[in-house]
Structures are given as structure tokens and as C-alpha cells.
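For reference, the structure discussed in these notes is given below.
The values are calculated or read from the model by the stated rules, or taken from the named source; none is laboratory data. Keep in mind that this is a model prediction, so the values were computed, not measured. Heads up, the Cβs are rebuilt from the backbone with ideal geometry, glycines too, and the neighbour counts pull from every protein chain shown. Quick note on the areas: whole protein, heavy atoms, side chains included, nothing else; ligands and nucleic acids left out. Shrake-Rupley method; radii C 1.70, N 1.55, O 1.52, S 1.80 Å.
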Amino acid sequence: MTFPYKLVATDLDGTLLRDDHTVSERTREALAAATAAGAAHIVVTGRAVPWTRHILDDLGYEGLAVCGQGAQVYHAGEHKLLTSLTLDRQLAGLALSKIEAEVGPLALAASRDGLQGEVLVGPGYRVQEGPLPTHLMDDPAEMWTAPLNKVYIQHPELDDDALAEAARQAVGSLVNVVMAGPGVVEILPLGLSKATGLSLAARRLGLKASDTLAFGDMPNDIPMFGWAQHGVAMANAHDELKAVAHEITASNEHDGIAVVLEELLRTASRV
């Protein structure tokens, strides 16, 4: 049996993970069957490595993971950071001042670089509940004292889509702005995306875009869908991602990844 794709790339939150942050047994088995049939599996997430490692360890995942919206390529089996791209802090500060000039004061957080990088959280920033390490900043200047992968922004009145669009209009030529999930709008190095990180990871495996099946749920997955041969949006996906997907599957709560992989495996077994 030959699986039709050599690489399966999966987002984490809202895609591979159920809403309780676990991976179903059915999805685990479908991924195991796909890899047994010759496909590599790469996790591609907006989360930085420190917010991803515990999930990968729980899965028994030992392959490559693309973290931090493409900024980091991480070897889970070796617990080693292979590549890491940081955000120019002076440029980020300029971008924030330009955004605030348009929409008013923002609440800020930032992800520090490295395997142990903390997420720094400023006054008023709403942190999602969960087992994720954060460090509260009393002094906003603390954010700029060490290399960063990204800056998170929130607004007291604008919703995520409106804030992301306003930020893009204000600073799109300086930095990348992505909406990565509920309450998660991010400032990234210009040109960085999940697609750039995934292409680096795939190259290490001798694989390319035409080999790739990708799953996602948020606008930050759009570049990955543009790069991959086939992009599958979850039923719970953002409308912007559904609009560019080749296919829409069941939700993350209903084993959408497994639904697609099982059908591909059945088809491959009949060939």
C-alpha cells in the first residue's frame, strides 16, 4: 500500500487537539497508520516550543515540529532547537507605536526565544487558561530585554479580525500580522509564516510542497495551505481558511484529521 502523500502537516489547536487539549485515540491511530504507510508527520503550530513540548512528549512524538508560526524548527525526539528566527525588537516597537496611533492603547504579551523561552504578559492582556508558562511583567520595558519570537496584541474593544486588519493596514510593510486563534493576534518578522517554517522542515526530510497534505483551522494556516499540495480545513475553521481550502472535513472534536486519513488509507489499500 502506498499512501498518496509523503508528508502530513497538522496544526495543533483546533485541529489535531480537541477542545480539551487532548488527541483522540482514533486520530492517533490514523496518524500511526499513515506513517506506517510511508508518510512523515510534522506538527506545525503557532505555539512556541515551550508551549508545545509537553503536548509532543505526551503524544510520544519524536519527529520535527514547526513552532512559533514558522520561527522555530524543533526536533522533538532530541529535544533540540534546530533553527530559530527572532523578531527585530526595534522594528517591533516601531510597529506597535504605529498601530497604537491608529487604534489606541494595546495590551501586550511576548514570546521569548529559546527552548526555555517564557511568555511575558503585560497589564490587561487576557491569557487563555491552561498549563502554559507565563511571566507577568510589572515593567513594560522588561519585554525588550531579551530576544523575542513574537509579540501578541489585544485591544479592549476591537475583535480579533478587526484588530488584525487594522494592524495590517498600519504596519504590513514592516512586520507580519496574523490572527492565530481566539484572542491571539500576533506580530511576527516580515515574511515569516507556517509555510516558510514547514518548507525548511520538509527540506530536512527530503520532501517538498507537492508531497504535502496539510490540516488547519485559522487564518495563520492560509500560507501553509498555499504551499501544500492539498489543504484541509476543519469544520470549525475560520471562514478565511475555508475559502482557500481544497477540502473541508469534520471538526477537531469529531476526528476530522482521522476522517480524511482513513479514507486515503482505504483508497490506497484498494490500489
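Results, tabulated for the structure shown:
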| quantity | calculated |
| --- | --- |
| Per residue accessible area in Å² of the chain, where ligands, DNA and RNA are left out and the probe is 1.4 Å | 43 |
| Computed Kirkwood radius, in angstrom, where 1/r is averaged over Cα pairs of segment 163-271 | 15.1 |
| DSSP beta bridge pairing in the chain, given as percent antiparallel to the nearest 5 | 60 |
| Cα centroid separation, segment 195-236 to segment 157-182 (Å) | 22 |
| Of Pro123, Ala245, Ser111, farthest towards positive along the dipole that unit charges on Lys, Arg, Asp, Glu beta carbons give the chain | Ala245 |
| Peptides ranked, highest mean first, by Cβ atoms within 10 Å: ranges 169-176, 100-107, 223-230 | 223-230, 169-176, 100-107 |
| When segment 83-188 is reduced to its Cα atoms, the Kirkwood hydrodynamic radius in Å | 13.8 |
| Projected-area average for segment 1-146 over all orientations - Cα convex hull basis, square nanometres | 10.4 |
| Kirkwood Rh, angstrom, the chain [1 / mean 1/r, Cα pairs] | 18.8 |
| When each of Lys150/Lys208; Lys150/Lys242; Lys150/Lys194; Lys6/Lys80; Lys208/Lys242 is checked by Cα-Cα distance, pairs over 20 Å | Lys150/Lys208; Lys150/Lys242; Lys6/Lys80; Lys208/Lys242 |
| Which of Ile222, Ile55 is most accessible, then next, and so on - probe 1.4 Å | Ile222, Ile55 |
| Equivalent-ellipsoid semi-axes of segment 126-182, from the Cα gyration tensor, Å, largest first | 22, 17, 11 |
| Segment 14-108 - percent of accessible surface contributed by carbon and sulfur, probe 1.4 Å | 49 |
| Equivalent ellipsoid dimensions for segment 1-84 as semi-axes, Å, which come from the Cα gyration tensor, largest first | 20, 16, 11 |
| Point-charge dipole on Cβ atoms (K/R +1, D/E -1) for the chain, about Cα centre, debye to 20 | 1100 |
| About the Cα centre, charge dipole magnitude for segment 128-271 (Lys/Arg +1, Asp/Glu -1 at Cβ), debye | 980 |
| By average C-beta atoms within 10 angstrom, highest first, the peptides 197-206, 212-221 | 212-221, 197-206 |
